[in-house]
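*Asks:* Can you keep this structure in mind? I'll have questions shortly.
The values are calculated or read from the model by the stated rules, or taken from the named source; none is laboratory data. Every value quoted in this text rests on a predicted model; they were computed, and no experiment measured them. Here Cβ is always computed from backbone atoms with ideal geometry, including for glycine, and neighbour counts include all displayed protein chains. Note: areas computed on protein heavy atoms with side chains; ligands, DNA, RNA excluded. Shrake-Rupley method; radii C 1.70, N 1.55, O 1.52, S 1.80 Å.
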Amino acid sequence: SRFVEFCCMEPRVVAFAWGAAADAALRSQVLQQPGFAVLIISHTAQDETARMDRCAADQGFQVLLSDDDTEIAARVQDFGPTLLVSLSYRRKIKTKLLELAPHRLNFHPSLLPKHRGCFSGFHTILEGDADTGVTCHRMTANFDDGAVIHQEAIPVPEGATSKSLYQALLPVTARCFEAVINMVVADALPEGTPQDASEAVYHHRNLPFGGEVDANWPEDRVERFIRAMYFPPFEGAHMRVGPTKMLVHNLEDFRRCRQLVLDAAAASEVVAPSASCATAGLAG
């Protein structure tokens with residue numbers, strides 16, 4: 001296979017990064033090798049459990065927390081990157097920034113081309129995928145469609161929720177990142193394998209189905225949807241009975257809510273508000 005050769009310059013890495021997955025990757029010892037220079041670009045609003053300024057201080061990296069495009073572009077240009085990476089960055093990186101580095105790589109939490117875009121863990125669970133993982137691919141003007149450099153796969157754990165799957169993928173992200181940076185160290189980064197666009201599905205940022213369970217879904221789909229919606233402290237799955245939103249934590253809740261929906265439809269009545277189907281006070 002063909003390879004893209006790095007020049008003899010020492011690696012200068014700009015990491016557009018946010019959150020726990022980025023923190024896991026950037027704490028890899030592979031970046032502590034002699035000659036590496038690293039600049040982290042992140043948002044002013046931080047995940048307090050995985051702050052990028054704290055990661056930079058611990059690892060001896062430069063850091064800029066900013067949402068100002070002009071400031072970011074000036075800092076990146078001044079740094080002179082040989083490699084630009086994206087790790088859970090929460091905005092699209094503009095083309096003019098991508099052009100500041102000869103190599104631009106994104107680390108995405110799915111086995112591309114499956115589950116491009118947002119909520120990849122949610123869709124992995126809802127669709128009943130047997131495997132998931134992390135993909136490193138070349139960045140292009142379009143989201144998640146560049147040539148694949150490397151993938152790390154794991155089985156989807158039985159009973160996984162979006163929260164538990166996210167946590168399970170943190171060390172996988174670190175392994176994928178380390179493997180790719182080692183390619184950089186070896187001065188031999190593959191061009192990558194083009195994705196099969198016919199297998200690609202892009203998921204938009206909107207909350208899938210608005211988080212609402214459809215009373216007509218089969219129970220196996222409902223059970224997966226409930227697990228896919230579980231990511232505290234965010235609200236989980238719910239159903240609506242008239243104007244009332246009722247939380248659905250399990251299949252028992254679903255059955256109660258579904259019966260309320262059927263009863264309300266039959267009687268053309270609106271049930272009284274309740275915080276949860278588990279406390280709806282059904283008799284029998």
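*Asks:* I need the helices (runs of 4 or more DSSP H) fully contained in segment 16-115, keeping only those with at least 3 residues that are surrounded by 14 or more Cβ atoms within 10 Å (Cβ to Cβ) and not aromatic (F, W, Y).
*Replies:* The helices (runs of 4 or more DSSP H) meeting that bar are 19-26, 52-59, 69-79.
*Asks:* Now a separate question. Kindly check whether there is at least one residue in segment 253-265 that is modelled with pLDDT of 95 or more, touching a Phe, Trp or Tyr at 6+ places or on another chain (Cβ under 8 Å) and of a type outside the set (S, T, Y).
*Replies:* Within segment 253-265, not a single residue is modelled with pLDDT of 95 or more, touching a Phe, Trp or Tyr at 6+ places or on another chain (Cβ under 8 Å) and of a type outside the set (S, T, Y).
*Asks:* Let me ask something else about it. Which of the residues belonging to segment 228-256 are surrounded by 16 or more Cβ atoms within 10 Å (Cβ to Cβ), part of a loop (DSSP other than H, G, I, E, B) and touching a residue at least 60 places away in the same chain (Cβ under 8 Å)?
*Replies:* Within segment 228-256, M229, Y230, F231 meet the criteria.
*Asks:* Hey, among the residues in segment 225-247 that are out of contact with any Asp or Glu (no Cβ under 8 Å at 6 or more places or on another chain) and basic (K, R), which one's nearest to G121 (Cα to Cα)?
*Replies:* The selected residue is R227.
*Asks:* Oh, and also: Collect the residues in segment 144-168 that are in contact with a strand residue (DSSP E or B) (Cβ under 6 Å, 6 or more places away or on another chain), in contact (Cβ under 8 Å) with a residue 40 or more places away in the chain and either open to solvent by less than 40 Å² (accessible area, probe 1.4 Å) or among the hydrophobic types (A, V, I, L, M, F, W, C) (or both), keeping them in residue-number order.
*Replies:* D144, G146, A147, V148, I149, A153
*Asks:* Return the total of residues in segment 157-167 being closer than 19 Å to G236 by Cβ and over 12 Å from the mean Cα position of the chain (by Cα).
*Replies:* So the count comes out to 5.
*Asks:* Please enumerate the residues belonging to segment 63-88 that are among the small types (G, A, S) and on the phi < 0 side of the Ramachandran plot.
*Replies:* S66, A73, A74, S86
*Asks:* Among the numbered conditions (1) farther than 17 Å from L87 by Cβ; (2) within 23 Å of the chain's Cα centre (by Cα); (3) free of Cβ contacts under 8 Å to residues at least 12 places away in the same chain, tell me where R54 comes up short.
*Replies:* Among (1) farther than 17 Å from L87 by Cβ; (2) within 23 Å of the chain's Cα centre (by Cα); (3) free of Cβ contacts under 8 Å to residues at least 12 places away in the same chain, the lone unmet condition for R54 is (1).
*Asks:* Let me ask something additional. Inside segment 56-96, can you point out the residues that are more than 25 Å from F119 (Cα to Cα) and among the hydrophobic types (A, V, I, L, M, F, W, C)?
*Replies:* A56, A57, F61, V63, L64, I72, A73, A74, V76, F79, L83
*Asks:* What's the total number of residues in segment 175-209 that are over 16 Å from L87 (Cβ atoms) and either under 16 Å from the mean Cα position of the chain (by Cα) or open to solvent by 80 Å² or more (accessible area, probe 1.4 Å) (or both)?
*Replies:* Of the residues in segment 175-209, 13 are over 16 Å from L87 (Cβ atoms) and either under 16 Å from the mean Cα position of the chain (by Cα) or open to solvent by 80 Å² or more (accessible area, probe 1.4 Å) (or both).
*Asks:* Restricting segment 118-143 to residues that are open to solvent by 40 Å² or more (accessible area, probe 1.4 Å), touching a Leu at 6+ places or on another chain (Cβ under 9 Å) and not in a strand (DSSP E or B), which is nearest to D220 (Cα to Cα)?
*Replies:* My answer is F119.
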